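Visitor: Have a look at this one.
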Amino acid sequence: MKLSGRQHRVAAVLAVVFVLTTVWAAYYFYSQTQATAGPSAPASLASVSATGANGFAAALRPSYLYNNSTEIYGGNVTLFAPITNWINVTLSDFLSVNRTAELTLKESFSVALSTPAWSKVVFTGSNATAANGTSVGLHEDYAINVSATVQLVQAIDRQIGYSGTGFTLSLDPRLTGTIAVAGQSLPIELDPALNFTFSGSEISPSGLAYTTTSSVLAPVPPGPVAARPGAFAYLAVFASLGGLGVSMYVVSRPSDEAEVVPPLPELIAPYEEVIAETEAGPAETETLSVARFSDLVKIADTLGKPILRPRGRAGDGETFLVVDRGVSYAYRYPGGGPDGAETPGPTGAGGIPEPGPGIGVTPRSLEILLRLHRETGRLRELAPNRVETATAALQLHLAIASLRQGRDEEAARAVDDLARLVAELSAAGGRTTRAGRRSA
């Protein structure tokens, strides 16, 4: 359906308006879903530091390596099993707070031997402490008999048939506790293991020291709940989007607004050499009207035909024709004559065909028209009977009517049917041409 030019202009203005309202509605909808203020970061009530200071003293046999010394203190030193009798370990763990707090600390202490194939706990113990202050600590002492430890591992390996290259002795004080400040508490969980790795004759300590820090935080104030947009926000968005969609659809539709046509002398001036004035229009032709004078010029140029300007009666000079093989292409100037006065359109008097509804000539419709002319020309060279003539006339009228209504594909199918009929008549071979009959 074509719309008037005024409707197109109104739709274009409304499209711009709805674009602006859609932007506003989207912003309004977004603002309704946002919280009025972001949540604040929780405040720190106290800073906490957990430290471990582990050490050992090893009882040695006199040796050249240590200048016959019988004791050595750790540090990160490497011990050797053949000259080491005992390793006396001290594990010290502390909690420190930068303000007075209620501190509790519990220890679940275990000693274990392990290899890639097996693990065995050889000692367990527990310890606990509590204080109201700024620090608290736990201490654990453990003595390692080196030769007894090595023999125990070897005995286990022999019993299970395992042959390993070394083992680890782990002293594991698992620490748990709490720090309470101003009604808030911080749970503590630490696992500062001290390991002695036996590899061949070497004994290598690891995990002698550690430090971790954390904070006791104040409760986080509840953040504002994001507001749910009301019905008006949804209505504004959907109404604006709907209006924008409808207006854009209307703008995209074709318009039947009349083309601004220049005065007749100005319109035909570039083509005066191919315009032939005649006293009357052709008779007995099928008429196909076009919407623009430029379309008629295209047809004339394609067919190699002149543009006829019949002057059979008053007013007939405003109709222009291109005639080819019984079909007239007509363009009627929409205004009056050269003086601008409105004149009545032709009604068929004087042999001038009554133009039908105007159509624009597209490359597709022009191709169909040329095919139609070729087939009608071939048909005239044959001598069809009445039934065949009626069938051909029906296809011709169907094609032209479809072109007038802009249904190019229907017109193409009608031309195809006409072409098949012409081909069948031509292949029959039993009919003579009209020219042949006259010569007979």
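The values are calculated or read from the model by the stated rules, or taken from the named source; none is laboratory data. Not measured: the values here are computed from a predicted model. FYI the Cβ positions are ideal-geometry reconstructions off the backbone, even for glycines, and counts take in every protein chain you see. Each accessible area value is taken on the protein alone, full model and side chains, heavy atoms only, with ligands, DNA and RNA left out. Shrake-Rupley method; radii C 1.70, N 1.55, O 1.52, S 1.80 Å.
Visitor: Regarding Val246, is this residue buried (at least 18 other Cβ atoms within 10 Å of the Cβ) and at pLDDT below 85?
Guide: Criteria not met by Val246.
Visitor: From (1) in contact (Cβ under 8 Å) with a residue 24 or more places away in the chain; (2) surrounded by 12 or more Cβ atoms within 10 Å (Cβ to Cβ); (3) assigned to a strand (DSSP E or B), pick out the condition that doesn't hold for Val121.
Guide: Answer for Val121: the failing condition is (1).
Visitor: So for the stretch 87-98 (the condition being over 57 Å from the mean Cα position of the chain (by Cα) and at pLDDT below 85), does at least one residue qualify?
Guide: Taking every residue of the stretch 87-98 in turn, none turns out to be over 57 Å from the mean Cα position of the chain (by Cα) and at pLDDT below 85.
Visitor: Right, something else. Return the only residue of Pro187, Pro263, Pro254, Pro222 being at pLDDT below 70, open to solvent by 50 Å² or more (accessible area, probe 1.4 Å) and farther than 30 Å from Val17 by Cβ.
Guide: Only one candidate passes the filter, namely Pro222.
Visitor: Just to be sure I understand, how many residues within the stretch 267-292 are over 26 Å from His397 (Cβ atoms) and either open to solvent by 80 Å² or more (accessible area, probe 1.4 Å) or assigned to a helix (DSSP H, G or I) (or both)?
Guide: 10
Visitor: Scanning the stretch 52-65 for residues that are open to solvent by 50 Å² or more (accessible area, probe 1.4 Å) and in contact with a strand residue (DSSP E or B) (Cβ under 7 Å, 6 or more places away or on another chain), which turns out modelled with the lowest pLDDT?
Guide: Here the residue is Ala53.
Visitor: Condition first: farther than 30 Å from Asp417 by Cα, at pLDDT 80 or above and surrounded by 17 or more Cβ atoms within 10 Å (Cβ to Cβ). Can you find one or more residues in the stretch 337-353 that meet it?
Guide: Scanning the stretch 337-353 turns up no residue that is farther than 30 Å from Asp417 by Cα, at pLDDT 80 or above and surrounded by 17 or more Cβ atoms within 10 Å (Cβ to Cβ).
Visitor: Can you pull out the residues in the stretch 157-194 that are among the β-branched types (Val, Ile, Thr) and without any contact (Cβ under 8 Å) to a residue 40 or more places away in the chain?
Guide: Thr165
Visitor: Here is a follow-up. Would you pick out the residues in the stretch 400-425 that are loosely packed, with under 15 Cβ neighbours inside 10 Å and at pLDDT below 80?
Guide: Gln405, Gly406
Visitor: Does any residue in the stretch 72-88 that is touching a residue at least 40 places away in the same chain (Cβ under 8 Å) and small (Gly, Ala, Ser) come within less than 8 Å, Cβ to Cβ, of a residue that is part of a loop (DSSP other than H, G, I, E, B) and surrounded by 10 or more Cβ atoms within 10 Å (Cβ to Cβ) six or more places away or on a different chain, and which pairs are these?
Guide: Filtered contacts from the stretch 72-88: Gly74/Leu208; Gly75/Leu208; Ala81/Ser201.
Visitor: Of the conditions (1) open to solvent by less than 40 Å² (accessible area, probe 1.4 Å); (2) touching a strand residue (DSSP E or B) at 6+ places or on another chain (Cβ under 8 Å); (3) within 27 Å of Ser199 (Cβ to Cβ), Asp157 satisfies every one except a single condition; which number is it?
Guide: Only one criterion in (1) open to solvent by less than 40 Å² (accessible area, probe 1.4 Å); (2) touching a strand residue (DSSP E or B) at 6+ places or on another chain (Cβ under 8 Å); (3) within 27 Å of Ser199 (Cβ to Cβ) is unmet by Asp157, namely (2).
Visitor: A follow-up question, please. May I ask you to list the residues in the stretch 290-303 that are of a type in the set (Gly, Ala, Ser) and at pLDDT 80 or above?
Guide: Hits for the stretch 290-303 are Ser294, Ala300.
Visitor: Can I ask one more? Pick from Thr178, Thr168: which is within 28 Å of His139 (Cα to Cα), buried (at least 16 other Cβ atoms within 10 Å of the Cβ), at pLDDT below 95 and among the hydroxyl-bearing types (Ser, Thr, Tyr)?
Guide: Answer to the selection: Thr178.
Visitor: Looking at (1) touching a Gly at 6+ places or on another chain (Cβ under 7 Å); (2) among the small types (Gly, Ala, Ser); (3) within 25 Å of Tyr210 (Cα to Cα), find the lone condition where Ser114 falls short.
Guide: If we test Ser114 against (1) touching a Gly at 6+ places or on another chain (Cβ under 7 Å); (2) among the small types (Gly, Ala, Ser); (3) within 25 Å of Tyr210 (Cα to Cα), just (1) comes out false.
Visitor: Taking the conditions exactly as written (at pLDDT 90 or above and either open to solvent by 50 Å² or more (accessible area, probe 1.4 Å) or over 30 Å from Asp172 (Cα atoms) (or both)), does Trp24 satisfy them or not?
Guide: No: the conditions fail for Trp24.
Visitor: Something else about it: Quick check on the stretch 378-390. Is at least one of its residues open to solvent by less than 60 Å² (accessible area, probe 1.4 Å), at pLDDT below 75 and touching a strand residue (DSSP E or B) at 6+ places or on another chain (Cβ under 9 Å)?
Guide: no
Visitor: On to the next question. Could you look through the stretch 304-325, keep only residues that are assigned to a helix (DSSP H, G or I) and crowded, with 18+ Cβ neighbours inside 10 Å, and pick out the one that is modelled with the lowest pLDDT?
Guide: Out of the qualifying residues, it is Asp316.
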